[in-house]
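To start, the structure under review is shown below, and the notes come after it.
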Amino acid sequence: MSTIIFGILLVLVFVFVLMYNGLVTMRNRVKNAWAQIDVQLKRRYNLIPNLVETVKGYATHEKTVFENVTKARSAAINASGVGDQAQAENMLSGALKSLFAVSENYPQLKASQNFMMLQEELAGTENKIAYSRQFYNDSVMLFNTKIQHIPYNIIANLFGFKEENLFEISIAAEKETPKVKF
């Protein structure tokens, strides 16, 4: 009888360890996914000053647009947490849309090889950010779902596993047409 009880306890401990390790793996996947977003965001932040300087050379009287891009970039760099980062990225996306809208008024700028290269690099980086954000959100969804399921929720509560936030971009920011004032 004691051998059967010992066997059952051993199986329960084994299952418990597997479940715990699964949660740790998923949490680490979420952290890694966020790190991938962070890499792409830093790349984006490094491209923006070059883009602004290129546009400044052609559009010297667009001071407000340049200031807005600079402020939005600074806010995004200094954002902490997924929610703050998403909000800052919304601001930066809007500011960049305004910058590109201004560039439409300067044919020489649009024809500039440097501007075209920077714009292409930024577009590629934006795509990488979108893919990274999708992977992060998928990882968060799986993790959050797992820690809500029985019996994982018991282990999650025992060891302090908390739900993670999705990295959401405002739909309004995506659809909004930039306003350009001269």
Exposure proxy order (Cβ contacts within 10 Å, fewest to most) of M19, M1, M117:
M1, M117, M19
For the stretch 24-93, report the translational diffusion coefficient in µm²/s to the nearest whole number, using Stokes-Einstein at 4 °C, 1.567 mPa s, and a Kirkwood Rh over Cα pairs.
97
My understanding is that a pair violates if its Cα-Cα distance is over 29 Å; which of K31/K63; K71/K162; K31/K71; K42/K110 do that in this structure?
K31/K63; K71/K162
Specify, per residue and in Å³, the volume enclosed by the convex hull of the alpha carbon atoms belonging to the chain.
108
Scan of the chain for trypsin sites (Lys or Arg not before Pro) in DSSP loops with at most 14 other beta-carbon atoms within 10 Å gives a longest site-free stretch of 1-161
Could you work out how far helix 2-58 tilts from the main Cα principal axis of the chain, as a 0 to 90 degree angle to the nearest 10?
0
Test item: Cα-centred dipole of the chain, Lys/Arg +1 and Asp/Glu -1 on Cβ, debye:
160
Out of I147, I4, N50 - ranked by how far each Cα lies towards the positive end of the dipole of the chain, with unit charges on the beta-carbon of charged residues - the top one is N50
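Just so you know, all these numbers are worked out from the coordinates, no wet-lab data involved. Predicted, not measured: the structure shown is a model, and the values here were computed from it. In this analysis, Cβ positions are derived from the backbone assuming ideal geometry, glycine residues included, and neighbour counts consider all displayed protein chains.
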